[in-house]
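First up is the structure itself, then whatever we jot down about it.
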Amino acid sequence: MELKVTHNKEKKGIELQFIPLLADTTELAKYLLAIGFRKSRTNASLWYVNYRPSYYQYAIALKEAFVKGDDPTTIKIAASYQAVKSNIEQHLFSLVVIHKKENNEPRIDYVIFEDIKKTTTDIATRFAKAKYGSFTAVKVFPRNYLVRARAAFDKGNIITDTAIASIATSQELVSKHTIVQKMIQQLIDLEIDTEGESETIIATFRLALEEALQLDDDISFLAKIKRTIEDQKDWIDAIEPVAVRNTIIDLILSNA
């Protein structure tokens, strides 16, 4: 599929033309509608929306995804304006209220530097899902509640695309730590069934994984895990008995 992006300055809009037609039932079509795009009544291949920096940036990123062959549904809308306090005074913001399920802190104010409801709602909802998992509601107030927006800014409660990505990365690392801990426990169990060189190989593998868990730097942790798994492949054929060897192979393949 090809995508043509046009900034129609005469109509003050952004136009997306999909070739061939984008089916209304696709995830991408549903997302376009959710963030404010509309389908042309006279041209079935054309989608349009009033110009906003956020829409233009999204359209360009979407086009790039099509060119590279990437999944277009992974491209999401981002805020139009810089996360600076002066933009609150310029009314280039929205106050976002996330209602959590916990009783001790049921409502938290955030500020997003986006000033229209549909795009802000999408960004805020993705943030809430990433940070809190479960919540009761996300309410958005474009260009309103300046005092509360200033207070949220001062607390550092600012929602940006970078913040959402950072939360996702953190959760991925937590998941990898959990996987490594399970691998270590499995290796401990396997050591019991081996002796001699096989036991030494498995113990070396386990100790290397344990060393990785002690690393404070996330990049070093991931690099150590990858290197350890790659190194283990060179020794796998020496492990006896065969049942233990096959278990180690499955362990490596499932986490490589």
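What the table below lists for this structure:
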{"read-out": "Positions within the stretch 185-234 being among the β-branched types (Val, Ile, Thr) and either within 28 Å of the chain's Cα centre (by Cα) or open to solvent by 30 Å² or more (accessible area, probe 1.4 Å) (or both), in sequence order", "value": "ILE188, ILE192, THR200, THR204, ILE219, ILE225, THR228, ILE229"}
{"read-out": "Qualifying residue in the stretch 37-53 (condition: without any contact (Cβ under 8 Å) to a residue 12 or more places away in the chain, hydroxyl-bearing (Ser, Thr, Tyr) and in a loop (DSSP other than H, G, I, E, B))", "value": "yes"}
{"read-out": "Verdict on VAL174 being open to solvent by 80 Å² or more (accessible area, probe 1.4 Å), at pLDDT below 85, among the β-branched types (Val, Ile, Thr) and assigned to a helix (DSSP H, G or I)", "value": "yes"}
{"read-out": "Candidate set: the stretch 1-23, residues that are outside any strand (DSSP E or B) and at pLDDT 90 or above; chosen: the one farthest from the chain's Cα centre (by Cα)", "value": "GLU10"}
{"read-out": "Filter result (in a helix (DSSP H, G or I), open to solvent by less than 60 Å² (accessible area, probe 1.4 Å) and out of contact with any strand residue (DSSP E or B) (no Cβ under 8 Å at 6 or more places or on another chain)) within the stretch 97-139", "value": "THR119, ASP122, ARG126, ALA130"}
{"read-out": "Options ALA149, ALA130: the member that is of a type in the set (A, V, I, L, M, F, W, C) and within 19 Å of the chain's Cα centre (by Cα)", "value": "ALA130"}
{"read-out": "Where a residue in the stretch 137-160 is in contact (Cβ under 8 Å) with a residue 60 or more places away in the chain and of a type in the set (D, E, K, R) and its partner, wherever it lies, is assigned to a strand (DSSP E or B) and open to solvent by less than 40 Å² (accessible area, probe 1.4 Å), with Cβ under 9 Å and at least six apart", "value": "ARG150/VAL111"}
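A quick yes/no check of all residues on (1) touching a residue at least 60 places away in the same chain (Cβ under 8 Å); (2) exposed (fewer than 13 other Cβ atoms within 10 Å of the Cβ); (3) among the small types (Gly, Ala, Ser):
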site	(1), (2), (3)
LEU3	yes, no, no
GLY13	no, no, yes
LEU28	no, no, no
VAL67	no, yes, no
THR73	no, no, no
GLN82	no, yes, no
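The values are calculated or read from the model by the stated rules, or taken from the named source; none is laboratory data. Predicted model only: the values in this text are computed from it and were never measured. Please note: Cβ atoms are built from the backbone with ideal geometry, for glycine as well, and neighbour counts cover all protein chains shown. Protein only, heavy atoms only, side chains kept; ligands, DNA and RNA dropped before computing areas. Shrake-Rupley method; radii C 1.70, N 1.55, O 1.52, S 1.80 Å.
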